[in-house]
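Inspection log for the structure reproduced underneath, given as structure tokens.
The values are calculated or read from the model by the stated rules, or taken from the named source; none is laboratory data. Here the structure is a predicted model, which means the values were calculated and not measured. Here Cβ is always computed from backbone atoms with ideal geometry, including for glycine, and neighbour counts include all displayed protein chains. The accessibility values were calculated without ligands, DNA or RNA, using every heavy atom of the protein model including side chains. Shrake-Rupley method; radii C 1.70, N 1.55, O 1.52, S 1.80 Å.
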Amino acid sequence: MLRQVKPRTARSKRALEKRAPKIVENPKTALFLRGTTCSQVTQDALADLYAMRQTNAKRFHKKNPIHPFEDASSLTFFSEKNDCSLILFASSNKKRPSTITFARTFDYKMLDMLEFYLDTGSFRSISQFKGKKVPVGTRPLMVFAGTAFESTVPTPFTMAKSMLIDFFRGETTDKIDVEGLQHVVVVTADEPNNASTDPNDPSNKPALHLRVYLIRTKRSGQRLPRVELEEHGPRMDFRLGRVQEPDEAMLKEALRKPKTNEERTKKNISTDIMGDKIGRIHTGKLDLSELQTRKMKGLKRERDPHLLEDDDDDEGGDFAQEEPKRKRKTKL
């Protein structure tokens, strides 16, 4: 763990603020490392991957005695020191020749790792393909073909898909210029072999084929142009090896979205064309027998015509029995 230093200058303060967590994070930076033993073909493959992500990448050429699956402390140290959340480590040995390990970190702690075993016989670098090259910094289209990528349960192939998307996606934007879509990355997975004897053997697992194509638009005599693909390179074939799955608590924290100050949309409230606010209220089932109606004189019970006749007869008899009052005489 690096020592936390309080900034003393404005420059160091800006550097720490750049590394601080944000609501919209900066593009992920990839760090390219090599081990003590690394074949030339693996170094060429690592160089081609670095060329495709040159704007947000750092590459070290010195040898590093690192074994990621035995001790990942060195990778987390490099991640924190260089502010990189993606790490590509190339190594070669007798048991695992031509291996590229993809690793991702969260909060400068190791999140997950996956080994890609490179097929050196089918590898072709970018320099072996003649023609126009993709400008630096352009974002590619991505295509994943194969039933292995469509699994709803987390598998090494779904993890490989997630890592490749993180590697090639670049900066997150809400608008894309169509003229900037000049190449496409196609990753194809072979169909799994159900008759394999040992499923843990990498040679029995389906192979991944990574291809990069240039997008050519030509005249077609119609409104839409004719699209053609021209292979750009690199051409890589992989088989998946060892996997370190992410911790559930760390993965949940990594996928958590922070709360923003934006006003949330309120349910059942809308605005019409005139700008008036309209609200919708949902009520339960009403009991109309207990409904309170408006009190009117015409609805009173004593207004029944039969009751009124009886009342008139009683009032008439009372007036007939009353005697008239005598007037007092006044003396003049």
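Applying a threshold of 6 Å to beta carbon distances and a minimum spacing of six or more residues, or different chains, the list of pairs starting in region 82-93 at a residue that is hydroxyl-bearing (Ser, Thr, Tyr) and ending at one that is in a strand (DSSP E or B) and open to solvent by less than 10 Å² (accessible area, probe 1.4 Å) reads 91/35; 91/99.
So for region 185-195 (the condition being surrounded by 13 or more Cβ atoms within 10 Å (Cβ to Cβ) and out of contact with any strand residue (DSSP E or B) (no Cβ under 9 Å at 6 or more places or on another chain)), does at least one residue qualify? Yes, region 185-195 contains at least one residue that is surrounded by 13 or more Cβ atoms within 10 Å (Cβ to Cβ) and out of contact with any strand residue (DSSP E or B) (no Cβ under 9 Å at 6 or more places or on another chain).
With respect to residue 23, determine if the residue is exposed (fewer than 14 other Cβ atoms within 10 Å of the Cβ), of a type outside the set (Ser, Thr, Tyr) and closer than 22 Å to residue 169 by Cα. The answer is yes for residue 23. Looking for something assigned to a helix (DSSP H, G or I), of a type outside the set (Phe, Trp, Tyr) and loosely packed, with under 12 Cβ neighbours inside 10 Å - is there at least one such residue anywhere in region 43-52? No, every residue in region 43-52 fails to be assigned to a helix (DSSP H, G or I), of a type outside the set (Phe, Trp, Tyr) and loosely packed, with under 12 Cβ neighbours inside 10 Å. Contact map, region 1-13: first residue within 19 Å of residue 108 (Cβ to Cβ), second residue surrounded by 10 or more Cβ atoms within 10 Å (Cβ to Cβ) and at pLDDT 85 or above, Cβ cut-off under 7 Å, separation 6 or more or different chains; pairs are 2/80; 2/81; 7/13.
Collect the residues in region 64-117 that are among the aromatic types (Phe, Trp, Tyr) and in contact with an Asp or Glu (Cβ under 9 Å, 6 or more places away or on another chain), keeping them in residue-number order. Matches in region 64-117: 69, 102, 106, 108. Does residue 237 satisfy being surrounded by fewer than 10 Cβ atoms within 10 Å (Cβ to Cβ), over 21 Å from the mean Cα position of the chain (by Cα) and at pLDDT 80 or above? No; evaluated as a whole, the condition is false for this residue. Using beta carbons and a limit of 6 Å, which pairs, at least six apart or on different chains, have the first residue in region 134-163 and within 20 Å of residue 234 (Cβ to Cβ) and the second one modelled with pLDDT under 90 and open to solvent by less than 40 Å² (accessible area, probe 1.4 Å)? Filtered contacts from region 134-163: 138/180; 139/170.
Determine whether residue 176 is open to solvent by 50 Å² or more (accessible area, probe 1.4 Å), free of Cβ contacts under 8 Å to residues at least 60 places away in the same chain and in a helix (DSSP H, G or I). Please lay out each step first, then the result.
On the way: open to solvent by 50 Å² or more (accessible area, probe 1.4 Å): yes; free of Cβ contacts under 8 Å to residues at least 60 places away in the same chain: yes; in a helix (DSSP H, G or I): no.
Considered against the rule, which asks whether it is open to solvent by 50 Å² or more (accessible area, probe 1.4 Å), free of Cβ contacts under 8 Å to residues at least 60 places away in the same chain and in a helix (DSSP H, G or I), residue 176 comes out as no.
For region 75-98, filtered to residues that are in a strand (DSSP E or B) and out of contact with any Cys (no Cβ under 9 Å at 6 or more places or on another chain), the residue that is farthest from residue 167 (Cα to Cα) is 89. Just one of the listed residues (32, 69, 60) is within 21 Å of residue 243 (Cα to Cα) and surrounded by fewer than 16 Cβ atoms within 10 Å (Cβ to Cβ), and it is 69. When the strands (runs of 3 or more DSSP E) confined to region 208-261 are screened for residues that are touching a helix residue (DSSP H, G or I) at 6+ places or on another chain (Cβ under 9 Å), those reaching at least 2 such residues are found at 208-218, 236-244.
For residue 126, state whether it is under 30 Å from residue 37 (Cα atoms), surrounded by 14 or more Cβ atoms within 10 Å (Cβ to Cβ) and either free of Cβ contacts under 8 Å to residues at least 40 places away in the same chain or hydrophobic (A, V, I, L, M, F, W, C) (or both). Criteria met by residue 126.
Anything in region 37-55 that is closer than 20 Å to residue 114 by Cβ and either within 27 Å of the chain's Cα centre (by Cα) or basic (Lys, Arg) (or both)? List them, or say none. Of everything in region 37-55, those that are closer than 20 Å to residue 114 by Cβ and either within 27 Å of the chain's Cα centre (by Cα) or basic (Lys, Arg) (or both) turn out to be 49, 50, 52, 53. Would you check if residue 270 is modelled with pLDDT of 75 or more and surrounded by 10 or more Cβ atoms within 10 Å (Cβ to Cβ)? Answer is yes for this residue.
Only one of the numbered conditions (1) under 30 Å from residue 141 (Cβ atoms); (2) open to solvent by 100 Å² or more (accessible area, probe 1.4 Å) is violated by residue 206, and that is (2). When region 240-260 is limited to residues that are free of Cβ contacts under 8 Å to residues at least 24 places away in the same chain and of a type in the set (A, V, I, L, M), the one that is least open to solvent (accessible area, probe 1.4 Å) turns out to be 249. Screening residue 184 with (1) part of a strand (DSSP E or B); (2) more than 29 Å from residue 254 (Cβ to Cβ) gives one miss only, at (2). Within region 101-121, does at least one residue satisfy the condition of being among the polar types (S, T, N, Q), open to solvent by less than 20 Å² (accessible area, probe 1.4 Å) and either on the phi > 0 side of the Ramachandran plot or touching a Cys at 6+ places or on another chain (Cβ under 7 Å) (or both)? No: region 101-121 contains no residue that is among the polar types (S, T, N, Q), open to solvent by less than 20 Å² (accessible area, probe 1.4 Å) and either on the phi > 0 side of the Ramachandran plot or touching a Cys at 6+ places or on another chain (Cβ under 7 Å) (or both).
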